[in-house]
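Before any comments, here is the structure.
The values are calculated or read from the model by the stated rules, or taken from the named source; none is laboratory data. Just so it is clear, the structure is predicted and the values come from calculations on it, not from any experiment. All Cβ positions, even for glycine, are placed from backbone atoms using ideal geometry, and neighbour counts span all protein chains on display.
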Amino acid sequence: MTVFIASLFLPKTVHFTLPGTPPRGSLSEKKHPSSDKRPAAADREPSLFQPQVNITPPITPTEERKLGDPFSNEDGLRIQLPPLETKAPGLRAPADRSSPTWGGRLDQPMSRANSPPPPSLANASRHIQQKAQELGRQGITQPRSLVRSDSHDRVFAHANWKIVSADQGNGGLRNAADAAAREGKLGDYTWVGTLGMPTDALQGTQQMQDIEDRLATEQDMLTVFCSDKDFDGHYSHFCKQILWPVFHYQIPDNPKSKAYEDHSWKYYVNVNQAFADKIVKNWKRGDTIWVHDYHLLLVPGMVRKKLPDAKIGFFLHVAFPSSEVFRCLAVRKELLEGMLGANLIGFQIHEYTRHFLQTCSRLLSAEATPDGLQLEDRFVDVVNLPIGIDPVSLTEHRKEAEVKKWMDIMRERYAGKKLIVARDKLDHVRGVRQKLLSYELFLNMNPEWRDNIVLIQVALSTSEKSELDATVSDIVTRVNSSWANLAYQPVVYLKQDIDYAQYLALLSIADALMITSQREGMNLTSHEYLYCQDGAISDNKHGSLILSEFTGTSSLFGGNELSVNPWDYKACAVAIKKALEMGDEEKERRWTKLYEAVNHHTGSHWFSEFMLRLDRVYVEQHRRDQTSVPRLSMHTLIQQYKRTERRLFILDYEGTLVSWGPVNQIIPVSPQRTLDVLNELLLDPANTIYVMSGRRPEELDRLFRQIPNLGLIAENGCFLKDCGSSTWTEMADSDQIRSWKESVKNIMTYYLERTPGAAIEDRRCSLIFHYKSADDYESASRQASDCASHINDACEEQRVHAIPLDGCVVVEPIDWTKSTAAQKIFEDLKAHLAPDEKHSSPVDFLMVVGDGREDEKVFKWANALGEEAAVKEVVTVSLGNRNTEATATLTQGVSGVLMALQKLAQAA
């Protein structure tokens, strides 16, 4: 059995050696043509300590010198290459994160795509000309995508090539997969993804086929080839200009935005379809498919259409926004339905899981439960499971001599000073501006720390020039000009990545790490920092962690970090002071707790736990599928009935014992046949029968007044009437009911005023918003979805939930259900046993029959009694078309139920 890991980028890519061009990374390439001159600035190894003429370090590489790489690493951080590969010839230096324009690298083809889309799609050619002229004025070579020639394609079609480790993609995922495989938790697995480079130049050539075959046979990787135009529209435009901002609470539709959803959506669909087709073509029964991140939201649904029985998981590595933000997307339903093609959907933390469930409930009118989403035909499990780092790999890297060398250099350079370190992508989401302003405020408020503290900010440039660059540079200049001298510089600002050994050395000697992201899915830099502070090779400082409360990681650390709101500059400044002045005992106590969390939430644990859950929910969902649940066997049922002596029947009313009568309509009397069958079954004193319903107690009394020995459950478990009793027991807490009803009714009234023709029904333990008779049903349906979402958001702590149903929204308590009433019945029967029978079961035959959502909990409760052998014979029967917890189905509906009960009565 194979696990397909589908991610946008493969862990491997291809580098070409062109005729007359030295291998990538060779000495002749790195040197300036004139050997007695130093290498050009762009070709030097990035370093924290390049010679400086001015106090403020040079901002290199400058934004004008590069146009950005759409294939750059997803989180802006470099993928770790294996130690032996980082020095191999033909590889780009591992620190070179800022490659030129997509396809502008000498060792890979250039793109045929024109990017970005013009401000006016009708004036594409004029825009390209203007762009070329603008670049020419700045002294920049035109993007090679504008000057591509057929000769270029022919060169790459016949050039020598090699497979090398890719330095773009999801490093956390790759490390987790490697760790799981190393620890024996992952067997056969195959990556599915793109090469991370333009491939139009290779289309139709033997080169492309050879590359695909080599990756498949030697690396267990399936290559997805899509046109340069499709990939550029998918990644550079839809993913980066629409999905990424929305998932991080930044609506892209603003006056400065260049996002064209209608333009790029079709490319997003094309790339997702290419992934789905590749998976479907190679899938075999028993294989597992695991799709990753927001680039491939449609893939689960696309695969599900072709492979209805496939085991599919999906994990979103970034944040998932609230429904108010997500609903701004024009293609919101398509994206949600694509994700819901999976059996199991995973998020980093509970907050994102809750947002997703609320969004699906609001936009798709799906029933959200704590475990997932109940769709019309199946159930989708939803979990939160935070990813982590690979401590084993990190430990090996920390042992390298290069790390120790840089630690010694930095100890000498910053002797006697406290170091705050930071490493972020330079975009609005990462909060670099907020961090620098907070640091400036700290220096203003605490003059005694001047000359004794240094902030080292590594800022990885984004692919677009923005006002943020200039703003950050201005702040750095202002801080340094205010307090710097010949021997001291309060901010070391590098707008480039640093070598991985320098990065580890920096984390090891830091006194604090400061992360001020405005919104971030996880942030594993904090995990690496805490691990590097363990004293193994560091100075055993147990440094402090200043962490934004808006990162996913913040929810894991239990307040042992110094949590900050990035927009509260004063609080951030106070946190910096506390981090620097904290006592050793408190630092060690905090760090120990944080270190335990990091060691628990490792990448390997995340990977294996998700796979185990996917296996479990797949089996469970398959068991509950209507097509997998067997029909009720009357022969077997009668045999079970005959060999038992104490029997309990719990039967639903609407849709099970009667085929008509909506709950909000009055039924004058139950059909005579239903009453006759129940009376006949009760003639046997070994039988106990309870009928459960969503109706009020007084309605059930009227409907079943001809059957005095019948037990009743009213309002879905809030009221219980024992067999032979004339009084009702209120199961629910009346004070709690009154409390939440007042809040919920105010919310319902708000939506009622906006939905002509709708009505509110007030029952003793529930409220129902009816809109089936509304003047405008479609508008009413949207209002009802909003109403349910609003109630679930506002009243979660009051232990109630709103459930969208056909034509209504039911709001009922979570703590009192049909299953809690069934449990009470079972316990009461056990309490009436004779003293010598207390250890036996009160019944040896239990039959539950129902057709609705609220009956599923009773099925689950009854099945658990059977599995625990608490009841000898358990039969659960569903009449509905939904997937079910029941162990059998009846296709004849109400008549089938009455016929089955009648045969049991006659069998005695």
Residue under question is residue 504, and the condition is that it be in a helix (DSSP H, G or I), in contact (Cβ under 8 Å) with a residue 40 or more places away in the chain and touching a Lys or Arg at 6+ places or on another chain (Cβ under 7 Å); does it hold?
yes
Restricting attention to strands (runs of 3 or more DSSP E) lying wholly within region 761-848, give those where 2 or more residues are under 22 Å from residue 372 (Cβ atoms).
800-805, 808-813
For region 854-908, name all the residues that are assigned to a loop (DSSP other than H, G, I, E, B), buried (at least 16 other Cβ atoms within 10 Å of the Cβ) and either touching a Leu at 6+ places or on another chain (Cβ under 6 Å) or not acidic (Asp, Glu) (or both).
870, 871, 872, 879, 880, 882, 883, 884, 886, 887, 890
Residue ranges of strands (runs of 3 or more DSSP E) in region 379-469 with at least 2 members without any contact (Cβ under 8 Å) to a residue 40 or more places away in the chain and closer than 23 Å to residue 522 by Cβ:
379-384, 453-460
Looking only at residues that are within 21 Å of residue 588 (Cβ to Cβ) and of a type in the set (Asp, Glu) in region 525-552, which one is farthest from the chain's Cα centre (by Cα)?
539
I'd like to check something: does region 207-214 contain any residue that is among the aliphatic types (A, V, I, L, M) and in a helix (DSSP H, G or I)?
yes
Select from region 561-581 the residues that are without any contact (Cβ under 8 Å) to a residue 60 or more places away in the chain, surrounded by fewer than 19 Cβ atoms within 10 Å (Cβ to Cβ) and in a loop (DSSP other than H, G, I, E, B) and list them in ascending order.
565, 568
How many residues of region 620-635 are within 12 Å of residue 378 (Cβ to Cβ) and of a type outside the set (Lys, Arg)? The answer is 7
Count of region 207-245 residues which are of a type in the set (Lys, Arg) and surrounded by 21 or more Cβ atoms within 10 Å (Cβ to Cβ):
1
Scan of region 863-878 for residues that are out of contact with any Ser or Thr (no Cβ under 6 Å at 6 or more places or on another chain) and touching a residue at least 60 places away in the same chain (Cβ under 8 Å), ordered by number
872, 875, 877
Kindly provide the set of residues from region 495-511 that are of a type in the set (Ser, Thr, Tyr) and either surrounded by 24 or more Cβ atoms within 10 Å (Cβ to Cβ) or under 25 Å from the mean Cα position of the chain (by Cα) (or both), ordered by number.
503, 508
Hey, can you tell me all the residues within region 512-524 that are within 23 Å of residue 584 (Cα to Cα) and either in contact with a Lys or Arg (Cβ under 7 Å, 6 or more places away or on another chain) or surrounded by fewer than 24 Cβ atoms within 10 Å (Cβ to Cβ) (or both)?
514
What is the one condition in (1) within 38 Å of the chain's Cα centre (by Cα); (2) within 22 Å of residue 855 (Cα to Cα); (3) surrounded by fewer than 20 Cβ atoms within 10 Å (Cβ to Cβ) that residue 722 does not satisfy?
(1)
Looking at region 838-845, can you tell me whether even one residue there is at pLDDT 90 or above and among the charged types (D, E, K, R)?
yes
Working only within region 182-235, note down all residues that are on the phi > 0 side of the Ramachandran plot and either out of contact with any strand residue (DSSP E or B) (no Cβ under 8 Å at 6 or more places or on another chain) or not assigned by TED's automatic domain parsing to the domain that holds residue 272 (or both).
184, 204
Considering every residue within region 623-630, establish whether at least one is surrounded by 18 or more Cβ atoms within 10 Å (Cβ to Cβ) and either more than 19 Å from residue 882 (Cα to Cα) or among the small types (Gly, Ala, Ser) (or both).
no
Counting only residues that are more than 20 Å from residue 176 (Cα to Cα), touching a residue at least 12 places away in the same chain (Cβ under 8 Å) and among the aliphatic types (A, V, I, L, M), how many does region 595-629 have?
2
Do we have residue 684 as buried (at least 17 other Cβ atoms within 10 Å of the Cβ), under 23 Å from residue 843 (Cα atoms) and not hydroxyl-bearing (Ser, Thr, Tyr) here?
no
Can we say residue 427 is among the acidic types (Asp, Glu), farther than 25 Å from residue 578 by Cα, buried (at least 19 other Cβ atoms within 10 Å of the Cβ) and not assigned by TED's automatic domain parsing to the domain that holds residue 535?
no
So residue 368 passes all but one of these: (1) within 15 Å of the chain's Cα centre (by Cα); (2) buried (at least 22 other Cβ atoms within 10 Å of the Cβ); (3) of a type in the set (A, V, I, L, M). Which condition number does it fail?
(1)
Filtered residues of region 735-780 (kept if more than 27 Å from residue 818 (Cα to Cα), of a type in the set (Asp, Glu) and touching a residue at least 12 places away in the same chain (Cβ under 8 Å)):
775, 776
Those residues of region 391-406 that are out of contact with any Pro (no Cβ under 7 Å at 6 or more places or on another chain), over 15 Å from residue 182 (Cα atoms) and acidic (Asp, Glu) come to a total of 1
